[in-house]
Amino acid sequence: MGGHALLIPLPYQGHINPMMQLAWKLVSDGFLVTFLNTDFNHNRIMQAKSRNWDGIRMISIPDGLPPDDKRTNIPNLMEALDNSMAPSVIMRLIDVINEREEEHKVTGIIIDVIICSGLKAVADFYQIPLFAFHTSLVANCAIRYFIPKLLSLGILGHDGAPKEEKKITYIPSMPPLRSGDLPWLFGGGEKMFKRCIRMGESLKQIKGVLANSFYELDGPVVEELSREVEVYPIGPLIPCEFLEGDKRSTSKAPPSFWADDVECLEWLDKQSTQSVIYVSFGSVAVWSQIQVEEFAAGLEATQRPFLWVVRSDLMEGSKPTFPQGFMERVRERSCIVSWAPQLQVLSHPSIACFVTHCGWNSVQESITMGVPMLCSPYFVDQFLNRTYIVDVWKIGLPLESNKDGIIEKGEIARAVDRLLVGEDGAEISKHATKLMRTSRDTVKEGGSSFNNYSIFLHQMKKQLVD
Ligand code: UDX
C-alpha cells in the first residue's frame, strides 16, 4: 500500500484534468486517492458521462456560491473558495476521512498552487507531506513568484502594472515579455495581483511544486526557480496511450463537464491526412457575437475542412449565431460540436493545425501530438504561453487582433495559409515534430519528468516507512 493521497484541484476543467491524470498515476503506484471537487463540478462531471474512476474516491464540498450562480465570474469564485476551501475546512475534512478510514489515514496532500495558502500548517499538524500543483508552464509560476523582486526593482507598480510598456526581460531566465504577457493583468485586477503575491509567499513554505510541464520546455526558468523552492516538472500529464504511438482511446479520459461529441471522430476519419483545422477555446473563454461571425467567415474563407468546438456557453447570456447561409455553404467540409474528445482529435492523422486560446492543457496536448498552433490567447497565463509557442519553441504563429480586440476573417485565412503552405509552415512543422518527440521521451524511464516523478513519489512514501 502506497499511502492515501488527498488531491485538491482548483474547480476548473483545465485544473481538474491534469490533477486527475496525476491521481491515476498515484493509483497505479499503489496509492489510495481521494479527489475533492466542488459540489457544482461534481454534479456536472457525473451528469456529463459515467466514467470509470479506477479506485479514485470522488468526494465534494460546497464552493460557497448559490446553486443558480453560473460560476463564470472568476474573482467571485476565488473569493468564495477562500472560505469554502480554507485550511480549517480541509482540516475538518481530513479528520472525517481519518475517522472513517482507520487503516488508510491521509498520508499526503497535493493542492492546486492557487489555493495552497495556509495549507502548510495543516500538513505539519498531521505530519504529512504537502505539494503544490501548478497546472501550467513553470515560467507562469516563476513570474508570479518573483513579483516582490520586480516590485523592489521598480519594474512593477504597486498595482502590478509595469512601469514601461515596451518588451523587456523581467526575469533573466525568461525571454523578453510584452507588458501584456503578465498573467495578473487579466481579470481580477489588483485583487488577482495580491493573490499572486500570496501564492509566492505560500510556496516559500511548502516542500515542493509539481508542474504539469517538462524541464525541456523552459529549463532555465526551472533552474532559477529551483534556487528558491523545489520544482518538479512531471508532465505531460496525459494518458499514456496517447504518448505511446497511435492508439487513440483510453479508459482514463479527463472528467469533462460536458459530454464528448464522439461523432466528430467518424467525421475526421473521412478527411484527408493533415487537412483539418481544429478550433477550440477551452472551457472558460467567452466570445462576443462579432467574434463568432468573424471566425465563421474566416474559416469559410480558408476553403479547408474544419472542426470547430462551439460550447453552449461560449457567449454570455445568448446563443452564438453564424452568418446567414454559413451552415449550408460549409456543410460539406465542416463539423461543429459543443465539446470534443480533444486528445483523440489532436492525435488524429487528419488534423493539420490547432487554432487555440493557448490554455496550458491544450498547448501541451498539441505539443505532445506534434500539431502546430495558431494562437489567440484569452486571459491569465495564455499570453505568456503564446510567447513561448511563437518566439521560443517556434511551433506556432500568432493571430493578431484589431484595435477592438477582434480577430478578423482575413487574419484567420492569412494565418492558416502561412502556417500550412508558407515557408514558415515547413520550419514550424519541423520544430513541432522535434518537440513532440522530446515531450514523449521526458516521461520514459530516464527522462526528466520520469525522474522528477520518482523523486516526488519517494517523498510521498518516505514518511510511510520512517
Ligand atoms: C484553464 C486556463 O485557461 C489555462 O490557461 C490554465 O493553464 C488551465 O486552466 P481552459 O481555458 O479550459 O483551462 O483551457 P485548457 O487549459 O486548454 O483546458 C481545457 C481542457 O479541456 C483540455 O484538457 C482539453 O483537452 C479539454 N477539452 C477542451 C476537451 O476535452 N474538449 C473540448 O472540446 C475542449
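The rows are residues; the columns are (1) under 22 Å from P9 (Cβ atoms); (2) aliphatic (A, V, I, L, M); (3) in a loop (DSSP other than H, G, I, E, B).
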position	(1), (2), (3)
I114	yes, yes, no
S117	yes, no, yes
K120	yes, no, no
I143	yes, yes, no
L151	no, yes, no
G154	no, no, yes
E164	no, no, yes
Identify all residues within the stretch 74-104 that are surrounded by 14 or more Cβ atoms within 10 Å (Cβ to Cβ) and outside any helix (DSSP H, G or I); write none if there are none. M85, A86, E101, H104
Those residues of the stretch 34-61 which are within 22 Å of W258 (Cβ to Cβ), of a type outside the set (A, V, I, L, M, F, W, C) and surrounded by 14 or more Cβ atoms within 10 Å (Cβ to Cβ), in sequence order: N37, T38, D39, N41, H42, N43, R44, R51, S60
L22: modelled with pLDDT of 95 or more and either surrounded by fewer than 15 Cβ atoms within 10 Å (Cβ to Cβ) or more than 15 Å from the ligand (Cβ to nearest atom) (or both), yes or no? no
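Quick one: which of L225, L307 is buried (at least 19 other Cβ atoms within 10 Å of the Cβ), touching a strand residue (DSSP E or B) at 6+ places or on another chain (Cβ under 9 Å), of a type in the set (A, V, I, L, M, F, W, C) and not assigned by TED's automatic domain parsing to the domain that holds K434? Working first, answer last.
On the way: L307 fails: not assigned by TED's automatic domain parsing to the domain that holds K434.
Step by step, each of L225, L307 is checked, and only L225 is buried (at least 19 other Cβ atoms within 10 Å of the Cβ), touching a strand residue (DSSP E or B) at 6+ places or on another chain (Cβ under 9 Å), of a type in the set (A, V, I, L, M, F, W, C) and not assigned by TED's automatic domain parsing to the domain that holds K434.
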Hey, among the residues in the stretch 117-160 that are within 16 Å of the ligand (Cβ to nearest atom) and out of contact with any Asp or Glu (no Cβ under 9 Å at 6 or more places or on another chain), which one's nearest to E365 (Cα to Cα)? C141
Would you confirm whether any residue within the stretch 243-259 is touching a residue at least 40 places away in the same chain (Cβ under 8 Å), touching a Leu at 6+ places or on another chain (Cβ under 8 Å) and among the aromatic types (F, W, Y)? no
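Being aliphatic (A, V, I, L, M), within 12 Å of the ligand (Cβ to nearest atom) and under 21 Å from the mean Cα position of the chain (by Cα): is that true of V279 here? Spell out how you get there, then give the answer.
Numbers: aliphatic (A, V, I, L, M): yes; within 12 Å of the ligand (Cβ to nearest atom): yes; under 21 Å from the mean Cα position of the chain (by Cα): yes.
The answer is yes for V279.
The values are calculated or read from the model by the stated rules, or taken from the named source; none is laboratory data. Predicted model only: the values in this text are computed from it and were never measured. Quick reminder, even Gly has a Cβ in these numbers, built from the backbone with ideal geometry, and neighbours come from all protein chains shown.
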